[in-house]
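Notes for the one structure printed next.
The values are calculated or read from the model by the stated rules, or taken from the named source; none is laboratory data. From a predicted model like this one, the values you see are computed outputs, not experimental measurements. Methodologically, a virtual Cβ is constructed for each residue, glycine included, from the backbone with ideal geometry; neighbour enumeration extends over all protein chains shown.
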Protein chains: 2
Amino acid sequence: MSATTAGALRVPLDELAGRIRAALRGLGLAEAHVQAMARVIAAGQRDACQSHGIYRVLTCARTVRAGKVDLHAEPVVEADGSAVVRVDARHAFSPLAFERGLPMLAEVTRRHGVGALAIRHCFHFSALWPEIEMITAHGLAALAMTPSHAWVAPAGGHKPVFGTNPIAFGWPRPGPTPLVFDFATSAIARGDLELHRRTGTPLPPDCGVDAAGHPSTDPVAVASGAMRAFGGHKGSALAMMVELMAGALIGDWTSRESLDFDAGAGAAPCHGELILAFDPVRLGGADSVDGQRRAEDMFDAITAQGARLPSQRRFEARERSLREGVTVPAGLYREMLAMAGGVA
Amino acid sequence: MSATTAGALRVPLDELAGRIRAALRGLGLAEAHVQAMARVIAAGQRDACQSHGIYRVLTCARTVRAGKVDLHAEPVVEADGSAVVRVDARHAFSPLAFERGLPMLAEVTRRHGVGALAIRHCFHFSALWPEIEMITAHGLAALAMTPSHAWVAPAGGHKPVFGTNPIAFGWPRPGPTPLVFDFATSAIARGDLELHRRTGTPLPPDCGVDAAGHPSTDPVAVASGAMRAFGGHKGSALAMMVELMAGALIGDWTSRESLDFDAGAGAAPCHGELILAFDPVRLGGADSVDGQRRAEDMFDAITAQGARLPSQRRFEARERSLREGVTVPAGLYREMLAMAGGVA
């Protein structure tokens, strides 16, 4: 560990991962959960995704304290020879459920050309891109989505119905990193709203409405009113699709049910997740090599005009972290180290 | 036929469909293509989608005149027992290819839980919602996407790479109409840009840039520069996903290749389409009935606050058309009637 700019430390990735595991063990989690959760949290911090890095250890601690998450449940994987793999997370955190379902998802996708992994009954705190990258590593394309807590109003309305409902997509590329995007269908992330609320700074315009339905940039008013979807009625439609595909379709909760279940505890949302995978070899047939070349030509046409590919900044942060150590906020890091002693 | 407000006629749906078929026959199309194309065009006009109604007969005529579309090719359906159905449209228009692939898509989706229909080498002029509704009629959910011509710059860039790349989704509901949305990932539809160009009216802000990359509301400048995606970098990421999923993944062209192939003819774009279908019974298992109920509860929470569901206006127009006849612009209608005599 070494000090860097004011309030930040630089920690080798292995050391950081070990500290994260120790903190999670302090919460009383079973070792399989500790390992899977630490992988996605360390990856988030490594890639400078502050909202999905070691900050999430605190989210997990709050969720554990709320008392509804199962700390030991082993996920149950069901596969019936179809293109669908169902995993019941049994009210534990989601990363282990994903890891347990992944090998079977890759297998059915290769066999059938398309595969679906339906995870149910999980507490979800992670970004979706670590999962997407684990699928593209198999040479498959992937599309994932999950509800959250109902904080977002539908276009034309002013009462929360949808979650921040992220959608993530990945495309396998030659070289070390795939093409990946992962974004909330809300105009801003919930974490950003919280940050504005804590610091008392106004939100950007068009992010939300107050409880009376009037547009507002006051984070306190929006938190008790409703957030908006990005991109007007189109983003709202996508947020609805996430509720239907990763909720109703797989027989799990919508964001409204998840928020009701939370009952003010401020825990991670509890619901399902849908992950689709696609085999370019099966879908493209004899033209799949051309397809890979076409994708690279398009990426070149984007970067040649000075535009960035999604996740490009994240991959640059990753390279830096692997070379120089991971930058972590000092206060948050100390808070996490203290957790290794056991949950308060 | 009866006159209605200035410049509009009201025509019974059956009569309108017959007139559309006659005009398409005048283009020299094989009868199977005439039937499939007339179904989607009549449906568009019935639902008051002016840009995808009888106006599209003129698009088809222009495409025929450009000389690259095959007027007679019978689509070739390939199914190998996997979840993927591939249809080679053989450079004919797309609606027949979709109709020929649909029964097999429904079958593999029921068998495997998830299915993919990859249509390749088609000239594409239709909205996606008619296809989506044909899938939801089977009790399946559906997600469809297709590239177009490269008119849209990536976020952070100013040169066209993506098409207007529509995404459409459908969810089966009890009652006569499903939940459906269908939108371009560009900030405005290409047809709207053309309309602004013809009438010399400025575009809304944030729809495009001129050839030097400066934001512009001048439709002529944007047509020779680039359109923008909706919703900033998120919409841009989705537009890219469409190129990858409905282009590179299925081994067919991207929007850039389609525009190159068009070589200024102004014909309908030529590329592929990807349609995914999902069986709620297979994905939701014992909870699929609960899933249907959850979806309806969410729709109620949206409409109860005065917000509209996607396609609600379209379904209202449909009801009106079935009751009172379809409203059609008189000038366009006469132009179409004249086509029945043969292509000029």
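Points worth noting:
- Criterion: within 18 Å of the chain's Cα centre (by Cα) and either of a type in the set (Gly, Ala, Ser) or assigned by TED's automatic domain parsing to the domain that holds residue A:145 (or both) - qualifying residue of A:79, A:92, A:73: A:92
- Matching option when the condition is assigned by TED's automatic domain parsing to the domain that holds residue A:209 and in contact with a Phe, Trp or Tyr (Cβ under 7 Å, 6 or more places away or on another chain), among A:107, A:131: A:131
- So residue A:332, is it more than 14 Å from every other protein chain (Cβ to nearest Cβ) and assigned to a helix (DSSP H, G or I): yes
- Within the range B:305-316, the presence of a residue that is in a helix (DSSP H, G or I), within 14 Å of chain A (Cβ to nearest Cβ) and in contact with a Gly (Cβ under 6 Å, 6 or more places away or on another chain) is excluded.
- Residue list for the range B:230-241, restricted to those being out of contact with any Lys or Arg (no Cβ under 6 Å at 6 or more places or on another chain) and at the interface with chain A (Cβ under 10 Å from one of its Cβ atoms): B:231, B:232, B:233, B:234, B:235, B:236, B:237, B:238, B:240, B:241
- On inspection, residue A:232 does not qualify as closer than 30 Å to residue A:135 by Cα and surrounded by fewer than 23 Cβ atoms within 10 Å (Cβ to Cβ).
- For residue A:192: the one exception among (1) modelled with pLDDT under 95; (2) in a loop (DSSP other than H, G, I, E, B): (2)
- A count restricted to the range B:284-293 and to residues that are under 17 Å from residue A:86 (Cβ atoms) and out of contact with any strand residue (DSSP E or B) (no Cβ under 9 Å at 6 or more places or on another chain) stands at 5.
- Listed by position, the helices (runs of 4 or more DSSP H) contained in the range A:17-125 that have at least 2 residues being within 14 Å of another protein chain (Cβ to nearest Cβ), out of contact with any strand residue (DSSP E or B) (no Cβ under 7 Å at 6 or more places or on another chain) and surrounded by fewer than 20 Cβ atoms within 10 Å (Cβ to Cβ) are A:94-112.
- Applying the condition of being in a loop (DSSP other than H, G, I, E, B) and buried (at least 24 other Cβ atoms within 10 Å of the Cβ) to the range A:126-136 and asking which residue is modelled with the highest pLDDT yields A:128.
- Per the listing A:150, A:246, the residue uniquely touching a Lys or Arg at 6+ places or on another chain (Cβ under 6 Å), within 25 Å of residue B:167 (Cβ to Cβ) and either within 7 Å of chain B (Cβ to nearest Cβ) or not in a strand (DSSP E or B) (or both) is A:150.
- Across the range B:272-290, the qualifying residues are those that are crowded, with 23+ Cβ neighbours inside 10 Å and facing chain A (nearest Cβ under 9 Å), and the one among them that is nearest to the chain's Cα centre (by Cα) is B:274.
- Members of the range B:160-183 that are among the small types (Gly, Ala, Ser), surrounded by 24 or more Cβ atoms within 10 Å (Cβ to Cβ) and in a loop (DSSP other than H, G, I, E, B): B:163
- Scoring residue A:256 on the criteria (1) touching a residue at least 40 places away in the same chain (Cβ under 8 Å); (2) over 30 Å from residue A:90 (Cα atoms); (3) at the interface with chain B (Cβ under 9 Å from one of its Cβ atoms) leaves a single failure, condition (2).
- Members of the range B:317-329 found to be part of a helix (DSSP H, G or I) and either at the interface with chain A (Cβ under 9 Å from one of its Cβ atoms) or small (Gly, Ala, Ser) (or both), listed by number: B:317, B:321
- Condition met for residue B:227 (more than 9 Å from chain A (Cβ to nearest Cβ), crowded, with 24+ Cβ neighbours inside 10 Å and within 20 Å of the chain's Cα centre (by Cα)): yes
- Taking first residues from the range A:313-329 that are over 18 Å from residue A:57 (Cβ atoms) and touching a residue at least 40 places away in the same chain (Cβ under 8 Å) and partners that are small (Gly, Ala, Ser) and surrounded by 19 or more Cβ atoms within 10 Å (Cβ to Cβ), the Cβ contacts under 9 Å between residues at least 6 apart in sequence or on separate chains come to A:318/A:43.
- Test result for residue B:292, assigned to a loop (DSSP other than H, G, I, E, B) and not acidic (Asp, Glu): no
- Selection status of residue A:243, out of contact with any Leu (no Cβ under 8 Å at 6 or more places or on another chain) and in contact (Cβ under 8 Å) with a residue 60 or more places away in the chain: yes
The rows are residues; the columns are (1) within 15 Å of the chain's Cα centre (by Cα); (2) within 14 Å of residue B:125 (Cβ to Cβ).
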position: B:25; (1), (2): no, no
position: B:60; (1), (2): yes, yes
position: B:68; (1), (2): no, yes
position: B:88; (1), (2): no, no
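- Test for residue A:139: is it free of Cβ contacts under 8 Å to residues at least 24 places away in the same chain, surrounded by fewer than 24 Cβ atoms within 10 Å (Cβ to Cβ), farther than 28 Å from residue A:256 by Cα and more than 8 Å from chain B (Cβ to nearest Cβ): no
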